[in-house]
1. Could you size up the charge dipole of the chain around its Cα centre, putting +1 on the beta carbon of Lys and Arg and -1 on that of Asp and Glu, and report it in debye to the nearest 20?
2. Applying a 10 Å radius around every beta-carbon, put 476-488, 135-147 in order of their mean neighbour count, most first.
3. What angle, in degrees between 0 and 90 and rounded to the nearest 10, separates the Cα long axis of helix 366-380 from the longest principal axis of the Cα atoms of the chain?
4. For a test of the definition: using alpha carbon positions, the gyration tensor, and the 1.5 limit on a/c, classify the stretch 468-597 as rounded, prolate or oblate.
5. How far apart, in nm, are two points set 7 Å out from the Cα along the Cα-to-Cβ line at ARG386 and at ALA330?
6. Find how much the distance from ALA544 to TYR470 grows on full extension, using 0.36 nm per residue of separation minus their present alpha carbon separation; answer in nm with one decimal.
7. Run through the DSSP bridge list for the chain and note the antiparallel percent, rounded to the nearest 5.
8. At a 10 Å Cβ-Cβ cut-off, how would you order ASP577, ASP332, ASP326, fewest neighbours first?
Amino acid sequence: MVVSGPQGTPAPQPALSLSFAQILAVGFLVCLAISWPPIRTVWLEGNYGDTDDAMRMVQVRDWLAGRGWYDLRVERLDPPVGVIMHWSRVVDMPVGALLRFFGLFADPQIAERLARILFPLILQGLLLWAVALCGRLLAGTFGAMIGVFLLIASGMSLWQFVPGRIDHHAPQILLLVLMTYCCLRGLDPQRPRMAALSGCCAALSLSIAIENLPFILVLMTIFPVAYVAQGRPMRAALGWMGAGWGASLLICYALFQAPALWFVSACDAISAVYVRGGIAGALAMLALAGFHRWRQPELRGRLIATGVVGLLAASPLWLDRHCYLDPFSAIDPLVRELWLSNVREALSIPSQLAEHPEGLGGWVMSWALGAAAIAAAAWRERGLARTRYLALLALTLAGCATAFYMTRAISSVTPLALLGGVWVVMRVQQACGRREMLAVAVLIPSLAPFTSVGWSAAIPLKDRPAEKEYEKTIASCLAPEAFAPLRSLPKGAFLALPDLGPYLLVHTDHSVIAGPYHRNNHGNRLMYDIFLAEPEAAREMMRAADLRYVALCDWAETAAQLVRMAPQGLDAALNSDTPPAWLRPIEAATALRLYEVMYPR
């Protein structure tokens, strides 16, 4: 399907010499060139770019060492009980398969580095393919080429696919784009079964984590709304969507959730809460499809039937509304204040812009303009093209709203929003007609507004030397060589701020009580309580928790916050010239400050 003309007839394609396969090949080579520096860093130094990457490797190692399929407990996090992670085995499987394969001819360290390089590169290629499919569907082969170019120039998406990253964000973005593509294809009355594939992608995505939940909720409304508007042509797609989503959700739930937890409700991951709501939505779509086959109602009848069935399907969402409104409501208030409220990717766009107002260009404008372009396309196009752009607009606006609330969602919504840029560039090229010189001259100017790279070049972030120096300090604390001296210490549990936890686990055999995970309420609260307590009380709390070591890095903002809350607390003493005498400094070649706790006999 290409962009349609005023009467719905296919519009001519601009001159193009590359095939679909060649577009993907060139795009992947460009991505590979961009990825070369991090490939080198991971291969030579073994750096982990994020706490989630480190914890993912810990979880995969435990699984390959014999931990059960459904057993997601990390025993070295808040020992002796450990923490049951909210992640599933969906991402563990490909990472573990790569580790097993490379382990056939390489030592474990080399196998891990190879897996951490290849896994995101594979996902990069699949994302290029998925975006190119969307671009080709909406604007022909030229649209595929423009989509690939815009994706590469949208660093806000591809930074989740950097070599070394093995967490769940990249697979979630890929599944979101595939879900969207299958949805747009399924809106064609000639291809209703594609709607079932959209439901499959949504179910698999929910099995990984709930971050795509806003998009999935919108997806559940697209086919019922299309059915109300169009009637019979959408009946088959509505049925396929309900069947594909419902069956896939139950299969994924059985595969990745322990049977003992099937009827347990949890807000932060796939659980009975989301299965109840999901199955209700699936049954509603199947009921509507069956109702139409029985009665074949007109518009008024379809509207009433959809409204009644929709209200019934929404009742589980209303009953579990606390989970949908705040999936992390179970986090301890103190932990939320000192940890989650300071996680940069969890901050809202207004709070980010209050600190970096010049970031409006690089962080917001590309996807905001993309959403506006999709709205324009939905207004200008006709027929099936309009239906598709309306569906794309609904999904994109869901992402925009989520990104406004939590900046992490920018990387998810960007691949969808850039499809609006594809439409604009296509229209501009068509307006140039046969004037090839003019078409070439306006190509880059029409592309640039939809790229974060273009906006960052036009409105660069201010140079902040103090911030760069601070980031270098943190990076030195998290580098693999910072943990090498710790491996020779007798095994014990560490007191450290949350972001150090996963690195201590992945680089050493020691344990920690704190980590940047909302299910670690007990360990994180205990860690903050110890840092806020007066030194003697803190030592007794550490003795009760069987803590042997303290590891510190210069997280200035967190330290200042703790000192403000407890000027006489342990953290204030540790940041003074005279730390408690019962902490024996450990001399080691590391950027970390290390202490061993000396308990009275």
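1. Dipole of the chain, to the nearest 20 debye: 2680 debye.
2. 135-147, 476-488
3. Approximately 20 degrees, to the nearest 10.
4. Rounded shape, in that the Cα axes give a/c under 1.5.
5. 4.7 nm
6. Full extension from ALA544 to TYR470 adds 23.2 nm.
7. 60 percent
8. Listed from fewest to most nearby Cβ atoms, that is ASP577, ASP326, ASP332.
Only the coordinates and a few stated rules stand behind these numbers; no lab work does. These numbers come from a predicted model, not from an experiment. Positions of Cβ are backbone-derived with ideal geometry, glycine not excepted, and every protein chain shown enters the neighbour counts.
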